[in-house]
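Okay, structure first, notes after.
The values are calculated or read from the model by the stated rules, or taken from the named source; none is laboratory data. What you see is a predicted model, and the numbers here were worked out from it, not measured in a lab. Note: ideal-geometry Cβ built from the backbone for every residue, glycine included; neighbour counts use all protein chains shown.
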């Protein structure tokens, strides 16, 4: 018996999928002891960067980096499409890109991280600090008007989703531009005219930051 995933990692096309073959420890508030927490967080960050990258080559590079990172600890990353969850499986459970359920002895060794949803309120302080650092550098490079638009975007992400700018999704951006920005940002005319460009520059800035 197996849990199947597509071998392609083209996440923007939604190619990762699979059924819930078991309930990992991530759903029970635990995590596997044999992969460090910082490695799990980095794998999650790289997954978000890959799915939000505008350049397909950059997206592939992020996924390759994620695979290399997981492999260093004996794990294989997959994104389960049906509930949008990053799953890190012990590599010995895998064969030909597929989880072999008959090899699973301790389900708690797998790690799951949801990639969508409201976020974790306990992370709020860390998210705001990370965003503040990004915004300071962004303003120094692109000026006050672009920075104010980016700052409004960061405020939206922090207050509505408890996400950093690096974790933002395409849906977050759409919600911000269509709903939050017109009602809550109070931009001046110059800022309103360039908001789309501001977010494009912010994305480029984040990609350069992670090269």
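Observations
- Checking each residue of the stretch 81-97 against the condition of being at pLDDT 85 or above, in the same structural domain as residue 168 (by TED's automatic domain parsing) and in contact with a helix residue (DSSP H, G or I) (Cβ under 7 Å, 6 or more places away or on another chain) gives no match.
- Residue 151 vs. criteria in contact with a strand residue (DSSP E or B) (Cβ under 8 Å, 6 or more places away or on another chain) and closer than 24 Å to residue 52 by Cβ: no
- Qualifying residue in the stretch 115-136 (condition: over 30 Å from residue 183 (Cα atoms), in contact with a helix residue (DSSP H, G or I) (Cβ under 7 Å, 6 or more places away or on another chain) and not in a helix (DSSP H, G or I)): no
- Condition met for residue 99 (surrounded by 13 or more Cβ atoms within 10 Å (Cβ to Cβ), in contact (Cβ under 8 Å) with a residue 40 or more places away in the chain and not in a helix (DSSP H, G or I)): yes
- Scanning the stretch 157-185 for residues that are closer than 11 Å to residue 199 by Cβ, surrounded by 22 or more Cβ atoms within 10 Å (Cβ to Cβ) and free of Cβ contacts under 8 Å to residues at least 40 places away in the same chain returns a single hit, 176.
- Check on residue 145, assigned by TED's automatic domain parsing to the domain that holds residue 195, part of a helix (DSSP H, G or I) and touching a helix residue (DSSP H, G or I) at 6+ places or on another chain (Cβ under 6 Å): yes
- Considering each residue of the stretch 113-129 in turn, at least one proves to be under 16 Å from the mean Cα position of the chain (by Cα), buried (at least 20 other Cβ atoms within 10 Å of the Cβ) and either modelled with pLDDT of 90 or more or closer than 27 Å to residue 86 by Cα (or both).
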